Amino acid sequence: MGSAEILKITLKNFSKISQGMDTSLRTNGTYVFSGFRLDAARRSLTRDGKPVSLSSRVFDTLLYFVENPDRLIEKDELLNVVWGGRYVEEANLSQTVFVLRKALKDAGEEKNLISTVSGHGYCFIAAVQPDAGRAAPAANANPPRSTSSTSATQGAAPHGGLASRSVREALHVPGRIGYAAFSAATILLSVAALFLVVYRSALPEHRPGTFHPPPRSVAVLAFANMSGDPNQEYLADGFSEELINSLTRVDALRVADRTSAFYFKNRPATVADIARELNVGAVLEGSVRRERQHLRITAELTNAITGYQFWSRSYDRDFGDILNLQREIAQDVTRSLQVTLQAGDTRRLTLGGTNNSAAFDAYLQGVRLIDRLDETSYRAALAAFDEAARLDPRYAGAQVMRAHALIFIANFDTSRQLEDTLAQARQAASLAVALAPGWGQAYAARGHVLLTSLDFAGAERELLRARNLAPADVGVDRTYAFLEACLGHAPAAETAAARVVARYSAEAYGYAEQAQILYLDRRYQDSLAALHHAGALAETKPPRDQAVYGLDYLALGKPEAAYGSCISNRSWQEMQCLAIAARQLGRPREAEAHLVELRKSMGDSGAYQYAETYAQWGDRDNALMWLRNADRLRDTGLVMLKTDPLLDPIRGAPEFADIERRLDFPP
């Protein structure tokens, strides 16, 4: 949108501004625009009759845009309306608008309906009309009530729950002053400045000085695979990811997370647009070409504020020099961003790493395999990490990933193999700690193993140590959040989860994992809100989120919705969900069939899940029998025994109390 159009819009709406801004969200009215139909009362959005899924916060943002079309909406105004005056960082708003634009585009909209007025706010440029046959919204309608089931004393969170709560909100920092608190006189005195701002927007939107990201912030995009061989994709992705990991360890840098940066892989977008979406001041992009042992890497770092390159270089090296090249590029990035590497920073760039390029190559192949999230891939990944450790016995990173792969495999093992698998995982994690005693990831891996081994006190000790060593590491916070949720320490769990999404607000997995934490705290509506937000961020729904959807609906007494959520997939989580939902819907034969299918899939390793299922069926005797079996087999599912809602029907049984006492949960 050009400056003349924005100026006309601003002048057309000036009378509204001078009379005092109406910054409430209305709760009735139906609107149509660009093929979309928005029903404010039912909180639904459709495109050509097909529903468009939006999280609560994203829907509120769209609703305010639709109610205020063709008007410059300042960022503070939007923050006040949509976040209700809570203190949130501007990056949360940018990410919410990003998610909304993506949802509209995915629904089939070709044009960008939300124009950015650089440095100031947004303007919704679609033609909006009340839906024929529907009453127009009342001018003084009350704002909607929160969809959260949490009491006012706990504080409602964005998206209906913790899912997008900022760190400051989680720590109870006072909220920002509401936009509506400014007097009409103050607004009038600002008109001249507003006029100049609009006039000056005639310059290009991405001109210097109109974008103010955090200082020393950078995004590393996925490097392009130029080898002509799809099998080399792991190398290009892995090289990029390791650069992200290295730069994240420099305290003075703010680095966009891997998922957010990789979202733009194979998507048409300018560096300036990417920088604004990720709220960073610099973008690193490049390519990798490998021909046998010859490696050619190009890299360029662009200043997103000025549009000029800091530098652009090509490197022709032997593959054996890939690790030195990675460190060289990381150091070039820090110098360009005027960060002086301290002695500790230089050491952390390579902490846990290797100087053996073949070991590094095997490690990257393992990382690519473990992302596929199935037992066959986990075992193939373990073989790759074993090879990396064989090639470099001092490679702590390989030992950390061996430990994680073994933990994942343990979830598929039978009882006879479980103890040996976990013993191997403990050995790998302890070796990583010995090789890199200052590396938080090594302690986190050992904490993860101890948690899976049901040593709760040991797991908490190791994870606290990991957090002290790596306070900005979201991987550490994720494991710590899950542990604290299992221990019933909800405030600690939710604060750790808030740190994850505050730092990496574009990552779907963070919200999906939060949903499980909120579920264990019996905040089912908030859990659903987190899942909706994860779905809006992800190209496809994150693993397991369908099952958590189902669990939330079961807890809310909505078995039909649970059944519908779980029918699309056939993992063991969905099979269990279907078994419980079918029983609650009065279809016992179908429920039994799903349980038989679950037992065929899980065998002895599913004892805990069978106890949960029978408890939900109201079969107390079978539930306790299978819980005793789970205790005897040291079933890894027992980590959730203390807070698991599915076991609530048998929680008061003396046998249940005995098992809980033997597990020795910390207070």
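In this structure, does Tyr614 turn out to be within 30 Å of Arg101 (Cα to Cα) and surrounded by 20 or more Cβ atoms within 10 Å (Cβ to Cβ)?
Values: within 30 Å of Arg101 (Cα to Cα): no; surrounded by 20 or more Cβ atoms within 10 Å (Cβ to Cβ): yes.
So Tyr614 fails the test.
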- Sort out which residues of the stretch 389-420 are surrounded by fewer than 21 Cβ atoms within 10 Å (Cβ to Cβ), modelled with pLDDT of 90 or more and part of a helix (DSSP H, G or I), and write them in order of number. Arg390, Leu391
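Limited to the stretch 611-636, what total is found for residues that are under 20 Å from Phe408 (Cα atoms) and part of a helix (DSSP H, G or I)?
So the first thing to find is which residues in the stretch 611-636 are under 20 Å from Phe408 (Cα atoms), and the list is 630-631, 633-636.
From the residues that got through so far, the ones that are part of a helix (DSSP H, G or I) too are 630-631, 633, 636.
Selection size over the stretch 611-636: 4.
Test Thr643 against the stated conditions and say whether it is closer than 15 Å to Glu660 by Cα and either modelled with pLDDT of 95 or more or not in a helix (DSSP H, G or I) (or both). Give the derivation first.
Working: closer than 15 Å to Glu660 by Cα: yes; either modelled with pLDDT of 95 or more or not in a helix (DSSP H, G or I) (or both): yes.
Yes; evaluated as a whole, the condition is true for this residue.
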- Quick one: which of Val339, Val367 is among the β-branched types (Val, Ile, Thr) and at pLDDT 80 or above? Val367
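When you go through Pro654, Pro649 one by one, which is the residue that is without any contact (Cβ under 8 Å) to a residue 40 or more places away in the chain and surrounded by fewer than 14 Cβ atoms within 10 Å (Cβ to Cβ)?
Working: Pro649 fails: surrounded by fewer than 14 Cβ atoms within 10 Å (Cβ to Cβ).
Result: Pro654 is the single residue among Pro654, Pro649 that is without any contact (Cβ under 8 Å) to a residue 40 or more places away in the chain and surrounded by fewer than 14 Cβ atoms within 10 Å (Cβ to Cβ).
For the stretch 62-79, how many residues meet the condition of being of a type outside the set (D, E, K, R), assigned to a helix (DSSP H, G or I) and out of contact with any Phe, Trp or Tyr (no Cβ under 7 Å at 6 or more places or on another chain)?
Residues of the stretch 62-79 of a type outside the set (D, E, K, R): 62-66, 68-69, 72-73, 78-79.
Narrowing further to those that are assigned to a helix (DSSP H, G or I): 62-66, 78-79.
So of that shortlist, the ones also out of contact with any Phe, Trp or Tyr (no Cβ under 7 Å at 6 or more places or on another chain) come out as 62-64, 79.
Matching residues across the stretch 62-79 total 4.
Given the criterion closer than 23 Å to Phe456 by Cβ and out of contact with any Leu (no Cβ under 6 Å at 6 or more places or on another chain), identify the matching residue among Asn629, Asn622.
Values: Asn622 fails: closer than 23 Å to Phe456 by Cβ.
Selected residue: Asn629, the only one of Asn629, Asn622 that is closer than 23 Å to Phe456 by Cβ and out of contact with any Leu (no Cβ under 6 Å at 6 or more places or on another chain).
Residue-by-condition table, conditions (1) modelled with pLDDT under 80; (2) open to solvent by 70 Å² or more (accessible area, probe 1.4 Å); (3) out of contact with any strand residue (DSSP E or B) (no Cβ under 9 Å at 6 or more places or on another chain):
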position: Ala185; (1), (2), (3): yes, no, yes
position: Pro204; (1), (2), (3): yes, yes, yes
position: His212; (1), (2), (3): yes, yes, yes
position: Phe223; (1), (2), (3): no, no, no
position: Met226; (1), (2), (3): no, yes, no
position: Pro230; (1), (2), (3): no, yes, yes
position: Gly238; (1), (2), (3): no, no, yes
position: Leu253; (1), (2), (3): yes, no, no
- List, please: which pairs have Cβ atoms under 7 Å, are six or more places apart or on different chains, and start with a residue in the stretch 299-313 that is more than 16 Å from Thr334 (Cβ to Cβ) and touching a residue at least 40 places away in the same chain (Cβ under 8 Å) and end with one that is assigned to a strand (DSSP E or B) and open to solvent by less than 20 Å² (accessible area, probe 1.4 Å)? Ala304/Ala282; Ala304/Val283
- When you look at Thr334, is it closer than 16 Å to Leu221 by Cβ, modelled with pLDDT under 80 and either of a type in the set (A, V, I, L, M, F, W, C) or assigned to a helix (DSSP H, G or I) (or both), yes or no? no
- Message: Name the single residue that is surrounded by the fewest Cβ atoms within 10 Å (Cβ to Cβ) among those in the stretch 431-454 being closer than 20 Å to Thr636 by Cβ and of a type in the set (A, V, I, L, M, F, W, C).
- Response: Leu454
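Would you say Ala380 is within 26 Å of Tyr511 (Cβ to Cβ) and in contact with a helix residue (DSSP H, G or I) (Cβ under 6 Å, 6 or more places away or on another chain)?
Numbers: within 26 Å of Tyr511 (Cβ to Cβ): no; in contact with a helix residue (DSSP H, G or I) (Cβ under 6 Å, 6 or more places away or on another chain): yes.
When the stated conditions are applied, Ala380 does not pass them.
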- Message: Could you go through the stretch 286-302 and let me know if any residue there is crowded, with 21+ Cβ neighbours inside 10 Å, of a type in the set (S, T, N, Q) and under 21 Å from Gly510 (Cα atoms).
- Response: no
- Considering the stretch 460-487 alone, what residues qualify as being farther than 14 Å from Met640 by Cα, among the hydrophobic types (A, V, I, L, M, F, W, C), at pLDDT 90 or above and crowded, with 23+ Cβ neighbours inside 10 Å? Leu463, Ala466
- Scanning the stretch 554-568 for residues that are hydrophobic (A, V, I, L, M, F, W, C) and open to solvent by 20 Å² or more (accessible area, probe 1.4 Å) gives Ala555, Leu556, Ala561, Ile567
- Message: Among the residues of the stretch 628-644, what is the count of those that are open to solvent by less than 30 Å² (accessible area, probe 1.4 Å), in contact (Cβ under 8 Å) with a residue 24 or more places away in the chain and in contact with a Phe, Trp or Tyr (Cβ under 7 Å, 6 or more places away or on another chain)?
- Response: 3
- Counting only residues that are assigned to a loop (DSSP other than H, G, I, E, B) and open to solvent by 60 Å² or more (accessible area, probe 1.4 Å), which one in the stretch 342-364 is modelled with the lowest pLDDT? Gln342
- Somewhere in the stretch 596-604, is a residue open to solvent by 30 Å² or more (accessible area, probe 1.4 Å), in a helix (DSSP H, G or I) and of a type in the set (A, V, I, L, M, F, W, C)? yes
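The values are calculated or read from the model by the stated rules, or taken from the named source; none is laboratory data. Source: prediction; values computed, not measured. Note that we place each Cβ from the backbone using ideal geometry, even for glycine, and neighbour counts take in every protein chain shown. Side chains are part of the model used for accessible areas, which takes the heavy atoms of the whole protein and leaves out ligands, DNA and RNA. Shrake-Rupley method; radii C 1.70, N 1.55, O 1.52, S 1.80 Å.
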